[in-house]
Amino acid sequence: GAVVSQHPSRVICKSGTSVKIECRSLDFQATTMFWYRQFPKKSLMLMATSNEGSKATYEQGVEKDKFLINHASLTLSTLTVTSAHPEDSSFYICSARDSATNEKLFFGSGTQLSVL
Amino acid sequence: GENVEQHPSTLSVQEGDSAVIKCTYSDSASNYFPWYKQELGKGPQLIIDIRSNVGEKKDQRIAVTLNKTAKHFSLHITETQPEDSAVYFCAASLYDMRFGAGTRLTVKP
């Protein structure tokens, strides 16, 4: 099946610093990628939709200046958590929509962010 | 927007038994319904999907059924094994994909 690589898998940072998470589709092109946040034992909460070459679309309540998304190519999207605080600690997951089918969605392995 | 409800939230079965997870959706325009399996600390993995022009799809021990009229779809796992233990998410999509709340399946040896 299609592979989506997400890095890093785990990051610990100090409060006030910024953290960048990368999401790459390895064997397919993804015009659209999505970023989710997941709390323990909860479902996936969509944060934003990332479209290659254009600005991301953020869900209601998600601060676009805090969660910066860049989708510069058909295989790479990045999420930067700026000025991280302990309440930003969470499991972040990306997914990529296969442009060939414009339907199937494949997920990265997730990034566990811990802000001290 | 689309709203997906999933039941049950937890399910425990004996190894070898069948497991059924059900989902309903609200937007009749949704045309793609995938199921994902998520193991602890990992991202969701696509296990099976179905399109709105198909009523049933099977892949070995896993099957999905779709009732468009009633706007519900179900995941069926037969001959369950301990390695099937995970959280399962259903989803419905037209453009944006919306997920159910998840079902934690435990298969007891």
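The values are calculated or read from the model by the stated rules, or taken from the named source; none is laboratory data. Values in this document were obtained by computation on a predicted structure and should not be read as measured data. Glycine gets a Cβ as well: all are built from the backbone with ideal geometry, and neighbour counts include every protein chain shown.
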Given (1) more than 14 Å from chain A (Cβ to nearest Cβ); (2) touching a residue at least 40 places away in the same chain (Cβ under 8 Å); (3) outside any loop (DSSP other than H, G, I, E, B), index of the condition B:Leu66 fails: (2)
Among (1) touching a residue at least 60 places away in the same chain (Cβ under 8 Å); (2) in a loop (DSSP other than H, G, I, E, B); (3) in contact with a strand residue (DSSP E or B) (Cβ under 9 Å, 6 or more places away or on another chain), the one test that B:Glu79 misses: (3)
Tally of residues being more than 21 Å from A:Thr82 (Cα to Cα) and either in a strand (DSSP E or B) or within 11 Å of chain B (Cβ to nearest Cβ) (or both) across segment A:20-43: 6
Unique match (being part of a strand (DSSP E or B) and out of contact with any strand residue (DSSP E or B) (no Cβ under 7 Å at 6 or more places or on another chain)) among A:Ala72, A:Ala48: A:Ala72
Count of segment A:66-99 residues which are surrounded by fewer than 18 Cβ atoms within 10 Å (Cβ to Cβ) and within 14 Å of chain B (Cβ to nearest Cβ): 1
Index of the failed condition, B:Pro44 passing every other in (1) loosely packed, with under 15 Cβ neighbours inside 10 Å; (2) at the interface with another protein chain (Cβ under 8 Å from one of its Cβ atoms): (1)
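For segment B:1-56, which fully contained strands (runs of 3 or more DSSP E) count at least 2 residues that are under 23 Å from A:Leu46 (Cα atoms)? Break it down into steps so the answer makes sense when it comes.
Numbers: elements: B:4-7, B:10-14, B:19-25, B:32-38, B:45-51.
Of the strands (runs of 3 or more DSSP E) lying wholly inside segment B:1-56, those with at least 2 residues that are under 23 Å from A:Leu46 (Cα atoms) span B:4-7, B:19-25, B:32-38, B:45-51.
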Residue match in segment B:10-28 (condition: out of contact with any Asp or Glu (no Cβ under 8 Å at 6 or more places or on another chain) and modelled with pLDDT under 95): yes
Those residues of segment A:58-107 which are basic (Lys, Arg) and within 15 Å of the chain's Cα centre (by Cα), in sequence order: A:Lys64, A:Lys66, A:Arg97
Per-region count, segment A:100-116, residues at pLDDT 95 or above, surrounded by fewer than 17 Cβ atoms within 10 Å (Cβ to Cβ) and facing chain B (nearest Cβ under 10 Å): 1
Every residue from segment B:80-101 that is acidic (Asp, Glu) and within 10 Å of chain A (Cβ to nearest Cβ): B:Asp96
Number of the exception - B:Ser52 against (1) modelled with pLDDT under 95; (2) polar (S, T, N, Q); (3) surrounded by 19 or more Cβ atoms within 10 Å (Cβ to Cβ): (3)
